[in-house]
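Inspection log for the structure reproduced underneath, given as structure tokens.
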Amino acid sequence: MSIRYQEKTGQLILETASTSYQMNIDGMGYLKHQYYGKKLGQNDMSYLFRTYDHGFSGNPYDMRNNRDYSLDSMAQEYTSFGVGDFRVNSIAASCSNGSRCAEFRYETHEILDGKYAVPGLPYVYDDNDTVHTLIVSLIDTVANIRVKLYYGVFEEKDVITRTAEIINAGSETVWLRKASSMCLELPFGKWDMIHFHGRHCMERQPERVPLFHGVHTLMSGRGMSSHQHNPFVILCDPETTEAHGSCYGMMLMYSGNHKTEIELDQFDSTRVVMGINDDRFRWELGPGMSFQTPEVILSTANGLTELSHRFHRIIRHNVVRSEYKLSHRPVLINNWEATYFDLNEEKIVALAQKAADIGVELFVLDDGWFKNRTDDNAGLGDWIPDTEKLPNGLDGLIAKINGMGLKFGLWVEPEMVNEDSDLYRAHPDWAMTAPNRAPMMARNQLVLDLSREDVHEYIFNTLSALLTKYNITYIKWDFNRPLADVYSHAARPPRQGEVTHRYYLSLYRLYDRLTKAFPHVLFEGCAGGGGRFDAGMLQYSPQIWCSDNTDAISRLTIQYGTSFGYPISTIGSHVSAIPNHQTGRLTPLNTRGTVAMMGAFGYELDLTKLSDEELDEMRAQIKRFKELEPMIHDGLYYRLSSMKESGYYFAWQFVSPDLSRSLLSIVVTNPLANAAPVHVTLKGLDPDAVYSVNGEFECLGAALMHGGYTFPRLTGDYPSMQLDIVKVK
Ligand code: GLA
């Protein structure tokens, strides 16, 4: 059993293959945090905590004669609020008498086999793993609020999941103002924070900074997990490298507004509070009602590579739910950068024919296929094929594409509406707009109020009709603007603070219904590129378009950043045209191929404009990707260049699960005159096996891992190289 309770000491111990997590119910009934880190066995870590009078840190009433005892200096599993812990709190609420405090003490706990579910939200599920659940109930008997803390212990995968359920146990309404998913304390040590910030076309840029005293806030209030701050953060020892050092990864499985607060307090103790963003949040909790927070995925490891591997494994196996989760992802061509809105049947058929000739498997018809969609100012909401552009209808086009041996996929943006659409004209109140206020426009579109049941049904029926009527095996589900003027015309004024979260509850239910009704369809998520790249979306869409920036060199940092938390198979990545449409940069085709192969591979350019030589090179790339895909998607991924080296080159490596094969890739981003050749040490090989290195020489795995490999001098514009490392004996 990976969860133990020791009644004598009040210890609750969670154990995975190589980590331990300890908490303690103290004599006063507070649930203290004691330890999370490398495995310890039975050792009770309470000896670590010495208490003394901290001055200006108050004491609970029943401990008023013991000035050493203060919530303000105590490591806790989930905090109280308004009662003297002046750091960032896990929860805030107001009661019907106006009081805004609660002090939670232990009530009971349960240890269960298997993994708990998180009703209404995506969650990490158990996939033939050994998983146990701990539920600890805390209660404040004055405010009558109960908090149930859930812990899922994935033994082999070295992952712990957490969520909190807040229950109104009284007879009067309570208004929740903040309801975070977890509080994780690191009472000792100095920490660097690695977070993933960005913007449209430059998502998930890693930044590593030492924590300073105060509160660091990483958040999105954009109604989407956002291009700006991904809901994933790492805290690591300042000495931590890819290979060594203590590090903690925390990922919120949520696609809406999120907030992570990391406080380094007056006593040099670090607290992380992660969950739904409380700005503009307010939830009415009637008597007996409960509120379920999104789940957090936690892991701790020795080195950043091991940490990433743990996240990759759990997301690939226990988050993604599709039939496609572990299977081959069709090599696709998307027409967006080839035609933009200027598409017609003739152009699409010509493009598809070229794609079929080089071995592409799936044709994706992007934006512009439906009526009144000549640009991005009109048409969203009316999902009816444009018969001017497609005179034989969508079915006529699909028949031709299928006739070439290609599968067919379609772009939709179902959560949106243009004012210039029949849908908006019929139901203006379905759009999110605040009363008496002209709404913020973005791409001239509005967001449909998915918190409404009628809107939910409309979208479900529209998408179901498309998927039933046409032979569609793939959907690119886009979302191209943030939520502003958040207001539901169907909700009472006091409940407007619930709308954004209700929107996401409805979106998840919609995805759940559609993926169950159409299990053979591959869904690819998208939000202006990677603006909703999160574990919540990955439950339903096994891959997500990583960025609208298709420039191979920009993609290096975007994909590098993404790889810290998310598996390679989830990263939608395409070879596009030069000069690149976002940056104007010229890069060789083999560099574009090398970079796109670090993902779910595809093409997005006008193949009809390419030479036979270029098409031949692409044909070879597709053949190669198909051969390597099992290793790229199922194997282990290693970052061989650090953030420091990435101004100069990026190197990375894949190793097959049985260690019989590896692919070493490098792209030089800044060739320097007379510089030392790039040298890397390979990872993860069998030390005793003999490998052939690109068919050029043979070498022991140990030699490649300890002596390394020196690249030949690579010069010119963004040169790249892939090396095949194959076990020969
Ligand atoms: C978004 C997507 C693009 C493309 C366009 C279409 O920006 O990220 O890939 O689908 O919308 O309008």
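What to note about this one:
- The set of residues from segment 179-196 being open to solvent by 20 Å² or more (accessible area, probe 1.4 Å) and in contact with a Gly (Cβ under 9 Å, 6 or more places away or on another chain) is empty.
- Selection of first residues in segment 640-666 that are exposed (fewer than 15 other Cβ atoms within 10 Å of the Cβ) and of second residues that are polar (S, T, N, Q), restricted to Cβ pairs under 6 Å at least 6 apart or on distinct chains, gives the following pairs, ordered by first then second residue: TYR648/ASN670.
- Of the strands (runs of 3 or more DSSP E) that lie entirely inside segment 668-729, those containing 2 or more residues that are within 16 Å of PHE654 (Cα to Cα) and either open to solvent by 70 Å² or more (accessible area, probe 1.4 Å) or touching a Leu at 6+ places or on another chain (Cβ under 9 Å) (or both) span 690-693, 720-727.
- The set of residues from segment 526-542 being in a loop (DSSP other than H, G, I, E, B) and near the ligand (Cβ under 10 Å from one of its atoms) comprises CYS526, GLY528, GLY529, GLY531.
- Hey, SER299 buried (at least 24 other Cβ atoms within 10 Å of the Cβ), of a type outside the set (D, E, K, R) and not in a strand (DSSP E or B) or not: no
- Residue within segment 81-94 that is crowded, with 21+ Cβ neighbours inside 10 Å and closer than 29 Å to LEU510 by Cβ present: yes
- Of the residues LEU397, LEU390, LEU450, the single one that is under 27 Å from the mean Cα position of the chain (by Cα) and either closer than 21 Å to ALA355 by Cβ or at pLDDT 95 or above (or both) is LEU450.
To keep it simple, each residue is scored yes or no on (1) in contact (Cβ under 8 Å) with a residue 60 or more places away in the chain; (2) away from the ligand (no atom under 16 Å from the Cβ); (3) hydroxyl-bearing (Ser, Thr, Tyr).
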position	(1), (2), (3)
THR468	no, yes, yes
ASP478	yes, no, no
VAL486	yes, yes, no
LEU510	yes, yes, no
PRO519	yes, yes, no
THR550	yes, no, yes
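- Hey, GLU614 among the acidic types (Asp, Glu), farther than 29 Å from ASN318 by Cα and in contact (Cβ under 8 Å) with a residue 40 or more places away in the chain or not: no
- Of the criteria (1) open to solvent by 10 Å² or more (accessible area, probe 1.4 Å); (2) under 22 Å from GLN34 (Cβ atoms); (3) among the β-branched types (Val, Ile, Thr), which one VAL273 fails: (1)
- Test: residue in segment 542-553 that is open to solvent by 10 Å² or more (accessible area, probe 1.4 Å) and touching a Cys at 6+ places or on another chain (Cβ under 8 Å): yes
For every residue, the table says whether it meets (1) within 25 Å of GLY359 (Cβ to Cβ); (2) in the same structural domain as THR241 (by TED's automatic domain parsing); (3) at pLDDT below 95; (4) not small (Gly, Ala, Ser).
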| residue | (1), (2), (3), (4) |
| --- | --- |
| ILE622 | yes, no, no, yes |
| LYS626 | yes, no, no, yes |
| LYS644 | no, no, yes, yes |
| GLN653 | no, no, no, yes |
| LEU659 | no, no, no, yes |
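- Close pairs (8 angstrom Cβ cut-off, 6 or more residues apart or separate chains): closer than 17 Å to TYR508 by Cβ in segment 290-318, at pLDDT below 95 anywhere: ASN318/ASP127; ASN318/ASP129
- Matching residues, segment 26-42, being open to solvent by less than 90 Å² (accessible area, probe 1.4 Å), at pLDDT 90 or above and over 19 Å from SER80 (Cα atoms): TYR35, TYR36, GLY37, LEU40
- Filtered by the rule that a residue be within 10 Å of the ligand (Cβ to nearest atom), in contact (Cβ under 8 Å) with a residue 40 or more places away in the chain and surrounded by 21 or more Cβ atoms within 10 Å (Cβ to Cβ), segment 336-383 gives TRP336, VAL364, ASP366, ASP367, LEU380.
- Test: residue in segment 689-697 that is free of Cβ contacts under 8 Å to residues at least 40 places away in the same chain, more than 29 Å from THR562 (Cβ to Cβ) and of a type in the set (Asp, Glu): yes
- Check on LYS148, under 24 Å from MET74 (Cβ atoms) and either open to solvent by less than 40 Å² (accessible area, probe 1.4 Å) or in the same structural domain as LEU12 (by TED's automatic domain parsing) (or both): yes
The values are calculated or read from the model by the stated rules, or taken from the named source; none is laboratory data. It should be emphasised that the depicted structure is a prediction, and the values quoted were computed from it without experimental measurement. Cβ sites come from the backbone with ideal geometry, for glycine too, and all protein chains shown count toward neighbours. Areas reflect the complete protein model, heavy atoms only, side chains present, ligands, DNA and RNA absent. Shrake-Rupley method; radii C 1.70, N 1.55, O 1.52, S 1.80 Å.
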